[in-house]
1. Kindly report the accessible area of the stretch 140-190 per residue (heavy atoms of protein chains, probe 1.4 Å, no ligands, DNA or RNA), in Å².
2. Distance cut-off 29 Å, Cα to Cα: go down the list Lys44/Lys94; Lys63/Lys94; Lys44/Lys176; Lys44/Lys92 and report the pairs above it.
3. For the stretch 1-84, which whole-number percentage of the solvent-accessible area (1.4 Å probe, protein heavy atoms only) is attributable to carbon and sulfur atoms?
4. Cα to Cα, under 18 Å, and not fewer than 8 places away if on the same chain: which lysines meet these conditions relative to Lys62?
5. Work out from phi, with θ = phi - 60° and the Karplus expression 6.51 cos²θ - 1.76 cosθ + 1.60, the ³J(HN,Hα) of each residue of the stretch 31-44, listed in order in whole Hz, and give x for Gly and Pro.
6. Tell me which residues come under 5 Å, amide H to amide H, from Ser158 once H is placed; ignore anything under 5 positions away on its chain.
7. Find how much the distance from Asp58 to Asp17 grows on full extension, using 0.36 nm per residue of separation minus their present alpha carbon separation; answer in nm with one decimal.
8. When a/c is below 1.5 the answer is rounded, else prolate if a/b is larger than b/c, else oblate, so apply that to the stretch 1-81 with a ≥ b ≥ c taken from the square roots of the Cα gyration tensor eigenvalues.
Amino acid sequence: VRNVEDASTNVMYTIEDGTGVMDVKEWLGDQDPQAVQQMREQTKQEGIYIKVIGQIKDYEGKKLLVANAVRPLTTGNELTHHFLEVMYSSEKFKRADSIVSPMMMGTSGIHNTMGGGTGFGSNSMAGGMGGVGGGDAIRDRVLNFMQEHQDDSENGVSVDTVIQMLHDIPEPEIRKAVELLSEEGQIYSTLNEFQFKVAM
């Protein structure tokens with residue numbers, strides 16, 4: 001955290017991780033639980049590491065991350081995981097760009113044939129890479145299902161619903177995919193730790 005501006009309705013953070021700087025806005029609610037308020041007080045400090053889950057929005061021609069959740073890191077392993085994820089994502093999109101793009105020119109059904117779907121960030125590159133590894137394909141299917149059904153309930157989609165509907169995927173694999181998607185910030189919990197909505 002490089003800077004914190006505490007207003008009556010929101011908290012604005014300026015964060016950077018060595019790859020760039022981004023502004024984060026966390027809206028404050030009158031009904032926020034005491035635990036959330038206490039955690040927020042812990043994050044309103046400069047020079048600490050935080051984890052942000054939210055959605056990237058365009059605001060006055062500038063990218064802004066609107067936070068669903070902000071919390072301090074509890075272990076250095078989370079920081080290491082973030083840097084590894086940055087490197088992994090960079091390589092994944094580089095390879096996806098070189099692998100998928102030529103095929104997309106002549107194949108309209110590329111998403112289905114490669115088992116991907118729209119995937120991370122709702123772009124074809126992540127969907128195309130989904131079929132390369134079994135874990136990614138399952139994760140993409142879980143994410144796509146949540147995207148399609150998250151409006152069925154105001155609290156999003158329950159893990160049990162995903163397990164029931166995607167019955168061809170073993171339950172442990174679905175739970176692992178949900179955990180990974182949550183760690184990546186692609187989904188976030190709502191009512192409890194078993195209900196999720198898609199962040200992007």
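The values are calculated or read from the model by the stated rules, or taken from the named source; none is laboratory data. Owing to the predicted nature of the structure, the values given are computational and were not obtained by experimental measurement. Cβ coordinates were reconstructed from backbone atoms using ideal geometry, including for glycine residues, and neighbour counts include every protein chain displayed. Heavy atoms of the whole protein, side chains included, go into the accessibility calculation; ligands, DNA and RNA do not. Shrake-Rupley method; radii C 1.70, N 1.55, O 1.52, S 1.80 Å.
1. Values: 2720 Å² over 51 residues.
Accessible area per residue, the stretch 140-190: 53 Å².
2. Values: Lys44/Lys94 35 Å; Lys63/Lys94 22 Å; Lys44/Lys176 32 Å; Lys44/Lys92 33 Å.
Result: Lys44/Lys94; Lys44/Lys176; Lys44/Lys92 exceed 29 Å.
3. Details: 2790 of 5540 Å².
Taking all protein chains in place, the stretch 1-84 shows 50 percent carbon and sulfur surface.
4. Qualifying lysines at Cα under 18 Å: Lys25.
5. 9, 4, x, 4, 4, 5, 5, 5, 5, 4, 4, 5, 8, 7
6. Sorted by chain and number, the residues that satisfy this are Phe196.
7. 12.7 nm
8. On the way: a/c = 1.68, a/b = 1.04, b/c = 1.62.
Taking the square roots of the gyration eigenvalues as a ≥ b ≥ c, the stretch 1-81 is oblate.
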